[in-house]
1. Test of understanding: among Ala171, Ala163, which residue is at negative phi and either at pLDDT below 95 or among the charged types (D, E, K, R) (or both)?
2. Is it fair to say Ala102 is over 27 Å from Thr189 (Cα atoms) and at pLDDT 95 or above?
3. Identify all residues within the range 1-20 that are hydrophobic (A, V, I, L, M, F, W, C), open to solvent by less than 20 Å² (accessible area, probe 1.4 Å) and touching a residue at least 60 places away in the same chain (Cβ under 8 Å); write none if there are none.
4. If I ask for residues that are open to solvent by 80 Å² or more (accessible area, probe 1.4 Å) and either under 11 Å from Gly141 (Cβ atoms) or not small (Gly, Ala, Ser) (or both), which ones from the range 92-102 would you list?
5. Evaluate the following for Gly100: is it touching a residue at least 24 places away in the same chain (Cβ under 8 Å), among the small types (Gly, Ala, Ser) and out of contact with any strand residue (DSSP E or B) (no Cβ under 8 Å at 6 or more places or on another chain)?
6. Can you run down the residue pairs with Cβ atoms below 7 Å, 6 or more apart or on separate chains, where the first is in the range 21-36 and under 16 Å from Cys135 (Cβ atoms) and the partner is in a helix (DSSP H, G or I) and aromatic (Phe, Trp, Tyr)?
7. In this structure, is Arg66 within 19 Å of Tyr140 (Cα to Cα), part of a loop (DSSP other than H, G, I, E, B) and at pLDDT 95 or above?
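The values are calculated or read from the model by the stated rules, or taken from the named source; none is laboratory data. As the structure is a computational prediction, the values presented were derived from the model and not from experiment. Every residue, glycine among them, receives a Cβ derived from its backbone with ideal geometry; neighbour counts consider all protein chains shown. We work out accessible area using only protein heavy atoms, side chains counted, and drop any ligands, DNA or RNA first. Shrake-Rupley method; radii C 1.70, N 1.55, O 1.52, S 1.80 Å.
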Amino acid sequence: MTVLLTGFEPFDGDTVNPSWEAVSLVPGVRAVQVPCVFGAAVERLREAVAEHDPRVVVCVGQAGGRADVTVERVAVNLDDARIPDNAGRQPIDEPVVRGGPAAYFATLPVKACVAAARAAGVPASVSQSAGTFVCNHLFYGLMHLIATERPDIRGGFVHVPFAPGQVTDRAAPSMPPALVAEALTAIVTAASSMEGDLRLVGGSLH
């Protein structure tokens, strides 16, 4: 089974992006770097899907401030950028896909993926929001592609913390990319092998 992982290029002044650093360490997958640019990120994803014909796609992005690996549950049809992307674009209150559904659920077994990452010794949890920047944009673009053109693909999105080198001058949690890669390996295994999901607590109060 072909698995495609994507990670982002650095953005917002950083010189590394832990999503790509981790993705590039996962064995046995097709790894593709995508630009941190609205529109272009989805186009690069579509090219990679056409090239590799995967059955599982997991897009990975940086969530600075989060302390664990978070498997996203839902993508929303909204671009609302707090900062410009790497091309200087800053859409505000615009749809990712005009006329598309308000949201899509990931088709990964989200809770099983979290459980697999934890079993591998990596802190992980379910996330109910992928934000409204390029990460959510790509997540929604992936799920729209699956819903409209590639129903054979299982897909979703994973957010990861800063890498240790990114937090030397700011107070924020971090996680080594090698440890993140272990979580992604476990997540990919669960996504590739499980038909349904686990019935576990994964909600949040706020």
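1. Values: Ala163 fails: either at pLDDT below 95 or among the charged types (D, E, K, R) (or both).
The unique qualifying residue is Ala171.
2. Details: over 27 Å from Thr189 (Cα atoms): yes; at pLDDT 95 or above: yes.
In short, yes.
3. Looking only at the range 1-20, we keep the residues that are hydrophobic (A, V, I, L, M, F, W, C), and these are 1, 3-5, 8, 11, 16, 20.
Subset that is open to solvent by less than 20 Å² (accessible area, probe 1.4 Å): 3-5, 8.
Once the filter is applied, which keeps residues that are hydrophobic (A, V, I, L, M, F, W, C), open to solvent by less than 20 Å² (accessible area, probe 1.4 Å) and touching a residue at least 60 places away in the same chain (Cβ under 8 Å), the range 1-20 yields Val3, Leu5, Phe8.
4. Answer for the range 92-102, where residues must be open to solvent by 80 Å² or more (accessible area, probe 1.4 Å) and either under 11 Å from Gly141 (Cβ atoms) or not small (Gly, Ala, Ser) (or both): Ile92, Asp93, Glu94, Arg98.
5. Numbers: touching a residue at least 24 places away in the same chain (Cβ under 8 Å): yes; among the small types (Gly, Ala, Ser): yes; out of contact with any strand residue (DSSP E or B) (no Cβ under 8 Å at 6 or more places or on another chain): yes.
So Gly100 fits the description; yes.
6. Pairs that qualify, where the first residue is under 16 Å from Cys135 (Cβ atoms) and the partner is in a helix (DSSP H, G or I) and aromatic (Phe, Trp, Tyr), are Gln33/Trp20.
7. Values: within 19 Å of Tyr140 (Cα to Cα): no; part of a loop (DSSP other than H, G, I, E, B): yes; at pLDDT 95 or above: yes.
For Arg66, the condition - within 19 Å of Tyr140 (Cα to Cα), part of a loop (DSSP other than H, G, I, E, B) and at pLDDT 95 or above - is not met.
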